[in-house]
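Written out below as C-alpha cells is the structure these notes cover.
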Amino acid sequence: MTGVIRKPAVAGLFYPQDRQALEQTVTQLLSSVPTINVQQPVKALIVPHAGYIYSGRIAASAYAQLLPEKKQIHRVVLLGPSHRVGFRGLAVSQADYFRTPLGDIPIDRESYNVLEDLSFVNEREDAHHEEHSLEVQLPFLQVVLDDFLLVPIVVGDAEPADISRVIELLWGGPETVIIISSDLSHYLDYQHAQNMDAKTAKAIVSMNPEAIGYDQACGRLPVNGLLLAAKHHHLQSQLLDLRNSGDTAGTQDRVVGYGAFSLA
C-alpha cells in the first residue's frame, strides 16, 4: 500500500498487538452488550478511550449501536483531545492511512479540504503521532463497520463554537457518523468520581454543554462542540453505560470515569 501511513502508537499497551487476539477481544466485548433495539439511526457517539481492560466494555456499548446501520455508514468523523502535545485549535493529519493490527484505514482527505479555510484547523502530525484518544477507537470501528473513510481530528485548546463549526461542516447524511473520544473524571476516589460523573452524564443527556467543567471530562471541548451541533439538529442524547476503572480493572482509591452516549 502506497501513501503516508500513521502507524499505531499504543498497540500492545491499550489493546492487543496481535491481529487475531485484537479481533477476538473486540468481538467478545461487543457480544457482551445486551441486544439493542435502535429506534432511529445513531448520528453520533461519545466513547471512552482508556485501555480495553478498563473501558472496553463501556466503549462496546456505544459501538454496538452502529451495528444496525453498518451497511450505510461509509465515513467516520473522529475527534479526540490531545494528551501529548499542547497547541491551539484543531489538528488534521498528513497521513493517507491510519494503521492498526487489523489493517489500514483510508483517510478522507476531501473532507479535510472542506476545512482548509478555517484558520484554527491546521495540519500537525506531532499531534497525531503518539495520540491514543483516536487510535483506541479504530479497532472497534474496523470490526463493527464495513469499508469506511476516516476523518481524524485531534482537538487542542479550541472554542466549543469552533469545534461545532467543524462538526457542522462534516455533518453529512446517513453515510456519516461522528465519534467523540473522551473519558470523564480523573483520579478521584470511587464515590467522588461516581458523583461527578453522574453530573456530567446528566449534562450530556440534557444537552447542556455549559454544565460540563474542566475537570469533568478530558474531552470536554469536543464533547461540548458536539452538543452544540447536536442541539442545532434537534438530536437527543441517551446514556448507554456509566462506570469507572474501579468497576472494571482498577482499585477504587484513584479512578478514571467512563461514559458511553448515543445521539440520534
With the requirement that a residue be open to solvent by 10 Å² or more (accessible area, probe 1.4 Å), in contact with a helix residue (DSSP H, G or I) (Cβ under 7 Å, 6 or more places away or on another chain), of a type outside the set (A, V, I, L, M, F, W, C) and in a loop (DSSP other than H, G, I, E, B), what does the range 32-52 give you? SER32, PRO41
Within the range 76-97, restricting to residues that are farther than 18 Å from ILE163 by Cα and out of contact with any helix residue (DSSP H, G or I) (no Cβ under 6 Å at 6 or more places or on another chain), the one that is surrounded by the most Cβ atoms within 10 Å (Cβ to Cβ) is ALA95
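What residue, of GLU116, GLU130, GLU125, is within 30 Å of GLN252 (Cβ to Cβ) and open to solvent by 10 Å² or more (accessible area, probe 1.4 Å)?
Values: GLU116 fails: within 30 Å of GLN252 (Cβ to Cβ); GLU125 fails: within 30 Å of GLN252 (Cβ to Cβ).
Just a single option satisfies the conditions, and that option is GLU130.
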Could you go through the range 159-180 and let me know if any residue there is more than 30 Å from LYS71 (Cβ to Cβ) and touching a strand residue (DSSP E or B) at 6+ places or on another chain (Cβ under 8 Å). yes
List pairs: first in the range 78-95 and of a type in the set (A, V, I, L, M), second modelled with pLDDT under 95, Cβ under 9 Å, 6+ apart or cross-chain? ALA95/GLY3
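Say we look at the range 3-31 and pick out the residues that are free of Cβ contacts under 8 Å to residues at least 24 places away in the same chain and either in contact with a strand residue (DSSP E or B) (Cβ under 7 Å, 6 or more places away or on another chain) or within 21 Å of ALA64 (Cβ to Cβ) (or both); which of these is least open to solvent (accessible area, probe 1.4 Å)? Working first, answer last.
Of the range 3-31, the ones free of Cβ contacts under 8 Å to residues at least 24 places away in the same chain are 12, 20-21, 24, 28, 31.
This time we only want the ones that are either in contact with a strand residue (DSSP E or B) (Cβ under 7 Å, 6 or more places away or on another chain) or within 21 Å of ALA64 (Cβ to Cβ) (or both), so: 21, 24, 28, 31.
Working: ALA21: 36, GLN24: 106, GLN28: 106, SER31: 88 Å².
The extreme case among them is ALA21.
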LYS202 vs (1) out of contact with any Ser or Thr (no Cβ under 9 Å at 6 or more places or on another chain); (2) touching a residue at least 24 places away in the same chain (Cβ under 8 Å); (3) part of a helix (DSSP H, G or I); (4) open to solvent by 60 Å² or more (accessible area, probe 1.4 Å): all pass except (2)
Only one of ASP197, ASP162 that is within 11 Å of GLY259 (Cα to Cα), open to solvent by less than 50 Å² (accessible area, probe 1.4 Å) and touching a residue at least 40 places away in the same chain (Cβ under 8 Å): ASP197
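How many residues does the range 226-250 hold that are within 26 Å of GLY172 (Cβ to Cβ) and in contact with a Lys or Arg (Cβ under 8 Å, 6 or more places away or on another chain)?
So the first thing to find is which residues in the range 226-250 are within 26 Å of GLY172 (Cβ to Cβ), and the list is 226-240.
The next check asks that each one be in contact with a Lys or Arg (Cβ under 8 Å, 6 or more places away or on another chain); those that pass are 230, 233, 235.
Number satisfying all stated conditions: 3.
The values are calculated or read from the model by the stated rules, or taken from the named source; none is laboratory data. These numbers were taken from a predicted model, which means no experiment stands behind them. In this analysis, Cβ positions are derived from the backbone assuming ideal geometry, glycine residues included, and neighbour counts consider all displayed protein chains. Side chains are part of the model used for accessible areas, which takes the heavy atoms of the whole protein and leaves out ligands, DNA and RNA. Shrake-Rupley method; radii C 1.70, N 1.55, O 1.52, S 1.80 Å.
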